[in-house]
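Report on the structure given below.
The values are calculated or read from the model by the stated rules, or taken from the named source; none is laboratory data. Bear in mind that the values here come from a model prediction, so they are computed numbers and not experimental data. Here the Cβ positions follow ideal geometry from the backbone for every residue, glycine too, while neighbour counts run over all protein chains shown. In case anyone asks, the SASA skips ligands and DNA or RNA and just uses the protein heavy atoms, side chains included. Shrake-Rupley method; radii C 1.70, N 1.55, O 1.52, S 1.80 Å.
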Amino acid sequence: MKNTLFKGIATALATPMTAQGIDFDSLARLIDFQIENGINALIPTGTTGESATMSPEERKEVIRFVLRYVDGRVPVIAGTGTNDTRYVLDFTRFACDHGADGVLVVTPYYNKSTQGGLIAHYTAVADASEKPVILYNVPSRTGCNLLPETVNVLADHPMICGIKEASGNMAQVMDLFATCGDRLDIYSGEDGLIQPMMAMGAKGCISVVSNVMPKETVALADMMFAGDFAGAAARQLELLPLIHSLFCEVNPIPVKAALAEMGFCENYVRLPLVPMTEKNKEIMFARMRALGVLK
């Protein structure tokens with residue numbers, strides 16, 4: 001497989017924030033927590049990182065900070081996608097120039113590009129990138145579905161190395177493996193489907209739950225690599241109630257509440273997001289206590 005960036009679990013990092021801006025001290029503590037608990041890679045400035053409400057300067061500052069602070073301890077794959085190809089090219093070049101190991105590029109949101117437009121968009125990004133590119137398909141967030149036949153065309157590009165597949169549609173996932181699974185790395189973009197997608201051959205997951213439980217999420221992937229499908233299935237089911245809570249409101253609203261309760265950051269999200277409802281927080285905190293995350 002060309003340019004494999006990581007195997008296992010990569011955390012789609014939440015970005016600690018306050019009303020005054022990015023909380024870099026808390027971001028550093030979150031990064032240390034991730035690395036100390038065995039995470040396989042880190043992905044700043046993605047959907048979970050609230051990149052959509054960062055200014056271009058903030059986004060670059062976060063990418064630069066994470067790269068400097070991680071200092072090669074694990075691969076860093078910068079989220080550089082937007083709905084404007086010009087900005088994606090700028091963020092991608094910036095990430096490459098500052099030492100990112102690769103970039104993660106979400107499909108353009110709101111514009112709802114055609115499949116031909118997606119090929120043109122991703123080809124332009126890959127042509128401009130000096131580092132491997134992971135495609136990111138999450139139609140529930142973007143209104144745009146990157147189809148397997150389109151990925152099959154893009155897989156020919158030497159800089160496109162993988163895809164984060166978060167459609168939640170296992171029939172589409174199987175079509176993706178059948179069409180081009182031997183030509184690029186496929187990662188689950190759904191925490192609830194780590195075990196079944198790895199059973200199909202996925203290299204791991206780009207995860208939200210690993211913000212909160214990195215060691216346990218990595219252990220699930222390690223079980224799959226070791227061939228312990230039953231053990232991994234049991235771990236998947238154990239994590240499932242917390243995963244449901246982390247997505248019961250718009251991501252990253254719940255994960256910010258969870259990290260705040262763990263003492264990693266303020267429970268602050270930028271408008272148009274608002275903090276998690278008290279009812280859902282209490283359910284999530286109870287599930288975190290049941291898993292030993294909270295006392």
ask   = Within the set of pairs 6+ apart or on separate chains, which have a first residue in the range 24-37 that is of a type outside the set (D, E), a second that is open to solvent by 50 Å² or more (accessible area, probe 1.4 Å), and C-beta atoms under 7 Å apart?
value = F24/F65; L27/F65; A28/Y69; I31/Y69; I35/R73; N37/K215
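Taking V274 as the residue in question, decide whether it is within 26 Å of D23 (Cα to Cα), open to solvent by 40 Å² or more (accessible area, probe 1.4 Å) and in a loop (DSSP other than H, G, I, E, B). I'd like the intermediate steps shown before the answer.
Details: within 26 Å of D23 (Cα to Cα): yes; open to solvent by 40 Å² or more (accessible area, probe 1.4 Å): yes; in a loop (DSSP other than H, G, I, E, B): yes.
Criteria met by V274.
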ask   = Just to be sure, is C205 open to solvent by 40 Å² or more (accessible area, probe 1.4 Å) and closer than 30 Å to Q172 by Cβ?
value = no
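Taking the stated definitions as given, is D228 touching a strand residue (DSSP E or B) at 6+ places or on another chain (Cβ under 8 Å), closer than 30 Å to A178 by Cα and of a type outside the set (S, T, N, Q)? Outline the logic, then answer.
Values: touching a strand residue (DSSP E or B) at 6+ places or on another chain (Cβ under 8 Å): no; closer than 30 Å to A178 by Cα: yes; of a type outside the set (S, T, N, Q): yes.
Criteria not met by D228.
Within the range 117-159, how many residues are in a helix (DSSP H, G or I), of a type in the set (A, V, I, L, M, F, W, C) and within 30 Å of L273 (Cα to Cα)? Please lay out each step first, then the result.
To start, the set of residues in the range 117-159 that are in a helix (DSSP H, G or I) comprises 117-128, 139-142, 148-154.
Next, only the ones that are of a type in the set (A, V, I, L, M, F, W, C) stay: 118-120, 124-126, 128, 151, 153-154.
Filter once more, so that each one left must be within 30 Å of L273 (Cα to Cα): 118, 125.
Residues that pass the stated criteria total 2.
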task = Specify which of the listed residues (V66, V88, V62) is touching a residue at least 40 places away in the same chain (Cβ under 8 Å) and more than 26 Å from L220 (Cβ to Cβ).
result = V62
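Within the range 86-100, is even one residue charged (D, E, K, R) and under 18 Å from I163 (Cα atoms)? Working first, answer last.
Residues of the range 86-100 charged (D, E, K, R): 86, 90, 93, 97.
Filter once more, so that each one left must be under 18 Å from I163 (Cα atoms): none.
Scanning the range 86-100, I find no residue that is charged (D, E, K, R) and under 18 Å from I163 (Cα atoms), so the answer is no.
What helices (runs of 4 or more DSSP H) lie completely within the range 1-102 and have 2 or more residues being under 28 Å from P158 (Cβ atoms), open to solvent by 40 Å² or more (accessible area, probe 1.4 Å) and not aromatic (F, W, Y)? Talk me through it step by step, then tell me what you get.
Values: elements: 24-36, 56-70, 85-97.
Helices (runs of 4 or more DSSP H) meeting the threshold: 56-70, 85-97.
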message = Take the conditions in a loop (DSSP other than H, G, I, E, B), charged (D, E, K, R) and open to solvent by 40 Å² or more (accessible area, probe 1.4 Å) and apply them to K295. Does it pass?
response = yes
task = Select, from E149, E165, the only residue that is buried (at least 21 other Cβ atoms within 10 Å of the Cβ), more than 24 Å from L291 (Cβ to Cβ) and at pLDDT 95 or above.
result = E165
query = Hey, E249 hits all of (1) of a type in the set (D, E, K, R); (2) over 20 Å from L13 (Cα atoms); (3) touching a Ser or Thr at 6+ places or on another chain (Cβ under 8 Å) but one; which does it fall short on?
reply = (2)
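Take Y109 and decide whether it is in contact with a Gly (Cβ under 8 Å, 6 or more places away or on another chain) and open to solvent by 50 Å² or more (accessible area, probe 1.4 Å). Can you show your working first?
Values: in contact with a Gly (Cβ under 8 Å, 6 or more places away or on another chain): yes; open to solvent by 50 Å² or more (accessible area, probe 1.4 Å): yes.
In short, yes.
Looking only at the range 168-202, which residues are open to solvent by less than 10 Å² (accessible area, probe 1.4 Å), touching a strand residue (DSSP E or B) at 6+ places or on another chain (Cβ under 7 Å) and not aromatic (F, W, Y)? Spell out the reasoning first.
Of all residues in the range 168-202, those open to solvent by less than 10 Å² (accessible area, probe 1.4 Å) come to 173, 176, 180, 184-188, 191, 194, 197, 202.
Add one more test, that the residue is touching a strand residue (DSSP E or B) at 6+ places or on another chain (Cβ under 7 Å), and what stays is 173, 176, 184-188, 191, 194, 197, 202.
Residues satisfying the conditions are V173, L176, L184, D185, I186, S188, D191, I194, M197, A202.
Tell me, which residue of the range 241-271 that is assigned to a loop (DSSP other than H, G, I, E, B) and free of Cβ contacts under 8 Å to residues at least 24 places away in the same chain is nearest to I22 (Cα to Cα)? So that I can check it myself, show each step before the final result.
Restricting attention to the range 241-271, the residues satisfying the condition of being assigned to a loop (DSSP other than H, G, I, E, B) are 247-252, 262-271.
Among the residues that remain, those that are also free of Cβ contacts under 8 Å to residues at least 24 places away in the same chain are: 250, 263, 267.
On the way: V250: 20, G263: 16, N267: 13 Å.
Top of the filtered list is N267.
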ask   = Based on what the data block shows, is L271 within 20 Å of the chain's Cα centre (by Cα) and modelled with pLDDT of 95 or more?
value = no
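This table checks each residue for (1) closer than 28 Å to S26 by Cα; (2) among the polar types (S, T, N, Q).
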| position | (1), (2) |
| --- | --- |
| D156 | no, no |
| A171 | no, no |
| T179 | no, yes |
| R183 | no, no |
| G192 | yes, no |
| V208 | yes, no |
| Q236 | no, yes |
| A260 | yes, no |
ask   = Cβ-Cβ below 6 Å, separation at least six or inter-chain, first residue in the range 114-141 and open to solvent by less than 10 Å² (accessible area, probe 1.4 Å), second modelled with pLDDT under 95: which pairs?
value = none
